[in-house]
Structure formats: structure tokens, C-alpha cells
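First up is the structure itself, then whatever we jot down about it.
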Amino acid sequence: MQIYLPIAELPVNILTILAMGATVGFLSGMFGIGGGFLMTPLLIFLGIPPAVAVGTQTTQVVASSVTGALAHFTRKSIDFKMGGVLLAGGIVGSLSGIYLFKVLTAIGQIDLTISIAYVLLLSVIGVMMMVESVRAIRAARGGAQPARRGGHHSWIHGLPFKARFRRSKLYISVIPPVLVGFFVGVLSAIMGVGGGFIMIPAMIYLLRMPTNVVIGTSFFQIVFVAALTGVMHATENQAVDIVLGFLLVVGGVIGAQYGVRAAEKMPAEQLRALLAAILMLIGLRLGYDLISTPPDLYSIIEVEPLP
């Protein structure tokens, strides 16, 4: 059953899109991630223009983040003050990323930039996660508890503009969380991801936040940054295909329910190793596409003047 995507300007099979949404939703529920960094490469593999894949993916990020934020709100596991500081940096980062996205689109380099960014990010994170997972599995089999390396990062306490975050029981400078939020905002605009897979480790190991408020606070920030990014992509770059986004959200909601159940049956170390393997495989596939000979050796595009 075919449907035409008006913004992506190509017909797709509805069942294929729903299956992709369900698959990423399943993985999101299993691994506790937003899934944006998985869905965008899959859409590119399907033939969706990278710019449209990035812009449209933000709709699914918003939907999944709202659900997660509401669940953590009921558990009172959100530090709203820290979330506000992260959001301030995220808004500036998102607006900066949208402008950069527009410039790269105007000079015809956005597709290449997105592909290279995903190859580097997925490969690096995948390798790091795999190394950590293998160590944890070996330690578990040997009967030892894997050591957690967090560091004290005492240099943060010497920074100015300190504020007290009572829910997180912290008294630190607002500069590090603003910078973390800024970086995630740029990633959200350029790559169509929520950024939780970077923000959560940064909040735990860099900001030293308690684990019980990290995920909820991350969801809170991502909701607003992803929503802003989606609106800006739609108005400034015309890169959001609402038909595609709707199908992805429907599939994702269904798949996530089963992913949560599956996660309960697997050890955490094996889950991380599986996710790392998936990230590395997608990174390798994108890297191969960058260096392989394309079916069309050249194409003609209309380059817009810079704003």
C-alpha cells in the first residue's frame, strides 16, 4: 500500500514506515533511548532526503519525550530548575543549529554533513559502549562488580555563577549545564536527535547529578528543544513531512510497549552490548555509502543564495 510523502517528494509503502517506527520504538523501549539517532539513518537508507529525515524525526522525538516526561513528573523525578538551565542552553543551541542547517542547505552540503556526523557519532559511541559492556560482562562472570569511573571533576566547583539545585542536591556553576544544553540543541537541529544518549552521561559523570532525577530532567529539556527544532525546521527549512511523522509516531508507540517487556528479560550488560553493535553496524553502513560509487555519478541541484 503506497502513500505519497509531499515534503520528501516520493512514494513509500505505509507498512514499511509503520514497521520502521515499530522497530525503533521497540529498541527505544528496550534500551530506554529516544531512538532519533537510529531512525534518521534508517530513513536515509529508505531514500528519504537527509534534510527531511532530520526535520521529520523531531516529531517522534517530541512524542516519545512527552510520554517519558509525564511518567517522571508523576514520580517527582524531575529537577525543574536544572531542566530550565539546560533548556536555556538548548534553545540557543537549537537556533544556532537551525541557522547552520540553513546555510549548509543553501550551499548544497547538508546531506554530506548529516552523513559524516552520524558516521562519527555512531561509531565512537558504539565502540565506547561495546568496550564498557564487554568489561562489565567479564566482571559479572568473574563475580566482581564493575568499577564505575566517574571522576570528581573538582574544576567545576571553581567556576563562577553558582546556583543551588535542591532537587539534585547540587551547588555548582550554571556554565557546565548551559554548555551541555547548547551542545545537545545543536545536535538536535543538525541530526534530528533528542540528545539523551549524550546528555544523560554528561549529567551523571560531569554534573554529578543523582541518577534518580537524570532521565526525567533530560526528558523535560528534550521536549521543548525538540519541539522548537521541529517548528523551526518546518518554517525555515520546510523539512518536516507531517504524513511521514504521523506514521512513525504510530509505529513507535506500538513498538515501545513490547520493547519495555523485552528489556525485563535481558541483563543490562547484554542490552548495552546489543545496542553498541547496532550503532556500529549503522555507522559502518553510512560510512560505506559515503565512499562507495553512487548509482548516479552527478546530479544537478538548485543552490539558493545565502541569507
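The values are calculated or read from the model by the stated rules, or taken from the named source; none is laboratory data. This one's a predicted model, so the numbers in the text were calculated from it and none came from an experiment. Positions of Cβ are backbone-derived with ideal geometry, glycine not excepted, and every protein chain shown enters the neighbour counts. Accessible surface areas use protein heavy atoms only, side chains included; no ligands, DNA or RNA. Shrake-Rupley method; radii C 1.70, N 1.55, O 1.52, S 1.80 Å.
Label sites at residue 246 and residue 112, each approximated as a point 7 angstrom past Cα along Cα to Cβ, lie 3.7 nm apart.
Backbone N atoms of the range 197-213 closer than 17 Å to the 7 Å Cα→Cβ label point of residue 179 belong to residues 198-209. Computed from the C-beta positions of residue 67 and residue 265, the FRET efficiency with R₀ = 25 Å rounds to 0.70.
Segment residue 159..residue 138, full-extension length gain: 3.7 nm, with 0.36 nm per residue of separation and the alpha-carbon distance subtracted.
Under a 5 Å amide H cut-off, with hydrogens placed 1.01 Å from N, residue 172 pairs with 163, 165 among residues at least 5 apart or on other chains.
Mind checking the full-extension length gain between residue 4 and residue 205? Use 0.36 nm per residue of separation minus the Cα-Cα distance, one decimal, nm.
Additional length available on full extension: 67.8 nm.
Report the paramagnetic label zone for residue 127: residues of the range 175-214 whose backbone N is under 19 Å from a point 7 Å from Cα along the Cα-to-Cβ axis. Flagged as within label range: 198. How much of the accessible area of the range 1-136, in percent, comes from carbon and sulfur atoms when a 1.4 Å probe is used? Using a 1.4 Å probe with all protein chains present, the range 1-136 comes out at 73 percent carbon and sulfur.
Between residue 292 and residue 76, the contour length at 0.36 nm per residue exceeds the alpha carbon distance by 72.8 nm.
Working note: Karplus 6.51/-1.76/1.60 with θ = phi - 60° gives the range 7-14 the couplings 8, 6, 6, 7, x, 9, 7, 4 Hz, where Gly and Pro are set to x.
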